[in-house]
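S.K.: First the structure, which I've put down as structure tokens, then a few questions once you've had a look.
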Amino acid sequence: MTTLVKPRALFVGLTLLCLLAIWLSLALGPVSLPLFDTLRAALRLLGMPLAPDGLEQAELILGQIRLPRTLLGLAVGGVLALSGVAMQGLFRNPLADPGLVGVSSGAALGAAVAIVGGSFFGGLPEWFAPYLLSVCAFLGGLGVTALVYRLGRRNGQTNVATMLLAGIALTALAGSAVGLFTYLADDATLRTLTFWNLGSLNGASYARLWPLLIISAAVALWLPRRAKALNALLLGESEAGHLGIDVERLKRELVFCTALGVGAAVAAAGMIGFVGLVVPHLVRLLAGPDHKVLLPASLLAGASLLLLADLVARLALAPAELPIGIVTAFIGAPFFLYLLLRGRA
Amino acid sequence: MRLSTHVAVLCAALLLGQQAVAAELPQRWVSAGGGLSEWVSALGGEAKLVGVDTTSQHPASLKALPSIGYQRSLSAEGILSLRPDILIGTEEMGPPPVLSQVRAARVQVELFSAQPDLSTLEKSVTRLGQLLGAEPQAAQLLHGYQQQLDAQKARVADAQTRQKSPGVLLLLGHAGGKPLVAGKDTAADWMLRQAGAVNLATHSGYKPFSAESLASLDPEVLVFADRALTGEAAKAALFKENPILAASRAAKAGRVLELDPTLLVGGLGPRVPAALKTLSDGFYPATSGQ
């Protein structure tokens, strides 16, 4: 198979794109800071002993608002794209996305429980209340995925087709439970739920960021090590087994990484569609199906795409902002169509 | 000469003093609550508003201000880009991390309660008056408000001696389609009761109703609040989308009232007493105009 781009060129290009996206994400926002101030504030945040004269505003906006937001975007975009690759590899189906094993719908259910039922959890300690939503979403995603995985197992074997169908069934079930909570919600909680379903990097704070950063770093380090095994799995399960791959273990790892990564991403930023499904595709269209390239390239592409989408989200309607889920699909879908049609011609 | 110097010094001192007070009061306001924006305007502070949220629809001139989005999904940097001195909102304002980011930028964040009761309102308007340097206006507005509500109460009590309280349903819709019925614990329910009606819906919150249960409740008066259309167009759309309502007792008797849906969000606003009067006039046609 010929590829459009050589892997090395792709990595150089994506790294540059990612660095550019990081810089733009730090330098641009509704508050227009002079470029020189942004630079000086960035250097000060890095520990350079510069005079702080007149930099309080720049430092606050850079350090407390834009930097956590940029880190959140990098982690969420990267981990969603990686999980997409993992799921498409696991199901050997390019239409698979992280939602297929139930992690998204489970997280949505957890979030609905937290948002609508929040008042029933009376007596929560004060420090915990702000994290209730994230914790419930994370646990919901993990719980439903574990159930899907369990349902797909028989006699020590994981049947991927059964798992897929179980995922569809549990997604439907979780969807109807979310519907029930939607019905029970009052106007205000309903809107919170709606906005949560569209995702946002807004209001990122370090306290919420650390768990996600640790988990996504672990996933980003672990999954690329399994690139060879994923390549073998492309041939089929028994073929991969003959090549000396412990297929059962690989499946377990893929599901576990996805549940953990997507669960943490969704818990931190809400539902952000499109990235997990389409970023791996984009990379595959550009560079072919080799997972050694696909995994790290998707990580970079997912992170860049999400940062750029977030830039649009916060600038388009400033001082208000758009939910990012709207933007990812709006930018990504036409681009994807273009690549698709071009590849066919 | 000496006297004039004294006067001049006194004048200067007074002026300076006033300026000092004015300088301490927040000058650039961002409001994230429809009801609060209305009160700020009513207190003469509209010129100080530099940004409002999407629920701030009244007075209409507020729509020309930069929008900071929906009150529950505010963006810290967006708000800071307006260089405000103060951000006001109800307890619905959020998300909380954004509020702490705004506070960290040394913007005063004032939270008000949106509970529809008079003592809460009194506290909020008094506080707004202090912050705007318009305490006398605040006291005057509150006094007038109280009087109007007292008069409303008396009017309803008087009307009820001559006519039974009508059973009413309040429908909240969008261009007539699939209206939600206002139940208990809503601002709509509070308004219906203040205007002397019996809310026939006994559920809690705003919920969709089946056409059959609408018909079985058979309200004497229908109140509709439409987010997309107003006046006759809204009424026509409501009956076109829900033919069963057109056959109801209320529709046949022509007892269908309209309510501005923006009155139902953000607590008690300055327009509430007038709206209550219109409603109770519709509920008790025999005593209207008194």
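The values are calculated or read from the model by the stated rules, or taken from the named source; none is laboratory data. What you see is a predicted model, and the numbers here were worked out from it, not measured in a lab. Because the Cβ atoms are built from the backbone with ideal geometry, glycine has one as well, and the counts that use them run over all protein chains shown.
S.K.: Just one of A:Gly273, A:Gly244 is away from chain B (no Cβ under 14 Å), modelled with pLDDT under 90 and surrounded by fewer than 24 Cβ atoms within 10 Å (Cβ to Cβ); which is it?
M.R.: Only one candidate passes the filter, namely A:Gly273.
S.K.: While we're looking at this one, here's another question. Here are A:Leu190, A:Leu173, A:Leu201, A:Leu180: which of them is of a type in the set (A, V, I, L, M, F, W, C), more than 8 Å from every other protein chain (Cβ to nearest Cβ) and in contact (Cβ under 8 Å) with a residue 40 or more places away in the chain?
M.R.: After ruling out the rest, the residue left standing is A:Leu201.
S.K.: Just one of B:Leu257, B:Leu264, B:Leu229, B:Leu238 is touching a helix residue (DSSP H, G or I) at 6+ places or on another chain (Cβ under 9 Å), within 20 Å of B:Leu118 (Cβ to Cβ), buried (at least 16 other Cβ atoms within 10 Å of the Cβ) and not assigned by TED's automatic domain parsing to the domain that holds B:Thr90; which is it?
M.R.: B:Leu264
S.K.: Cβ-Cβ distance below 7 Å, separation of 6 or more or different chains: which pairs start in the range B:51-71 with a residue that is at the interface with chain A (Cβ under 10 Å from one of its Cβ atoms) and end on one that is surrounded by fewer than 17 Cβ atoms within 10 Å (Cβ to Cβ) and of a type in the set (Ser, Thr, Tyr)?
M.R.: Going by the 7 Å Cβ cut-off, the qualifying pairs are B:Ser67/B:Thr54; B:Gly69/B:Thr54; B:Tyr70/B:Thr54.
S.K.: Considering the range A:110-128 alone, what residues qualify as being at pLDDT below 75 and outside any loop (DSSP other than H, G, I, E, B)?
M.R.: Matches in the range A:110-128: A:Gly118, A:Ser119, A:Phe120.
S.K.: Taking the criterion of being farther than 29 Å from A:Leu339 by Cβ, touching an Asp or Glu at 6+ places or on another chain (Cβ under 7 Å) and in contact (Cβ under 8 Å) with a residue 60 or more places away in the chain, would at least one residue in the range A:26-41 satisfy it?
M.R.: yes
S.K.: Take the range B:163-200 and flag every residue that is touching a Phe, Trp or Tyr at 6+ places or on another chain (Cβ under 8 Å) and not aliphatic (A, V, I, L, M).
M.R.: If the condition is that a residue be touching a Phe, Trp or Tyr at 6+ places or on another chain (Cβ under 8 Å) and not aliphatic (A, V, I, L, M), then B:Gln163, B:Ser165, B:Pro166, B:Gly173, B:Gly176, B:Pro179, B:Gly183, B:Thr186, B:Gly196 are the ones that fit.
S.K.: Condition first: within 11 Å of chain A (Cβ to nearest Cβ) and among the basic types (Lys, Arg). Now tell me which residues in the range B:79-136 satisfy that.
M.R.: Selection gives B:Arg83, B:Arg103, B:Arg106.
S.K.: Pick out the one residue from A:Leu317, A:Leu282, A:Leu311 that is under 18 Å from the mean Cα position of the chain (by Cα), surrounded by fewer than 21 Cβ atoms within 10 Å (Cβ to Cβ) and within 14 Å of another protein chain (Cβ to nearest Cβ).
M.R.: A:Leu311
S.K.: Moving on. Keeping to the range A:179-192, report how many residues are surrounded by fewer than 19 Cβ atoms within 10 Å (Cβ to Cβ) and assigned to a helix (DSSP H, G or I). Talk me through it step by step, then tell me what you get.
M.R.: Quick first cut of the range A:179-192, residues surrounded by fewer than 19 Cβ atoms within 10 Å (Cβ to Cβ) only: A:179-180, A:182-184, A:186-188, A:190-191.
When the remaining residues are screened for being assigned to a helix (DSSP H, G or I), the result is A:179-180, A:182-184, A:187-188, A:190-191.
Residues that pass the stated criteria total 9.
S.K.: Looking at the range A:83-131 only, could you name the residues that are hydroxyl-bearing (Ser, Thr, Tyr) and in contact (Cβ under 8 Å) with a residue 60 or more places away in the chain?
M.R.: Hits for the range A:83-131 are A:Ser83, A:Ser104, A:Ser105, A:Tyr131.
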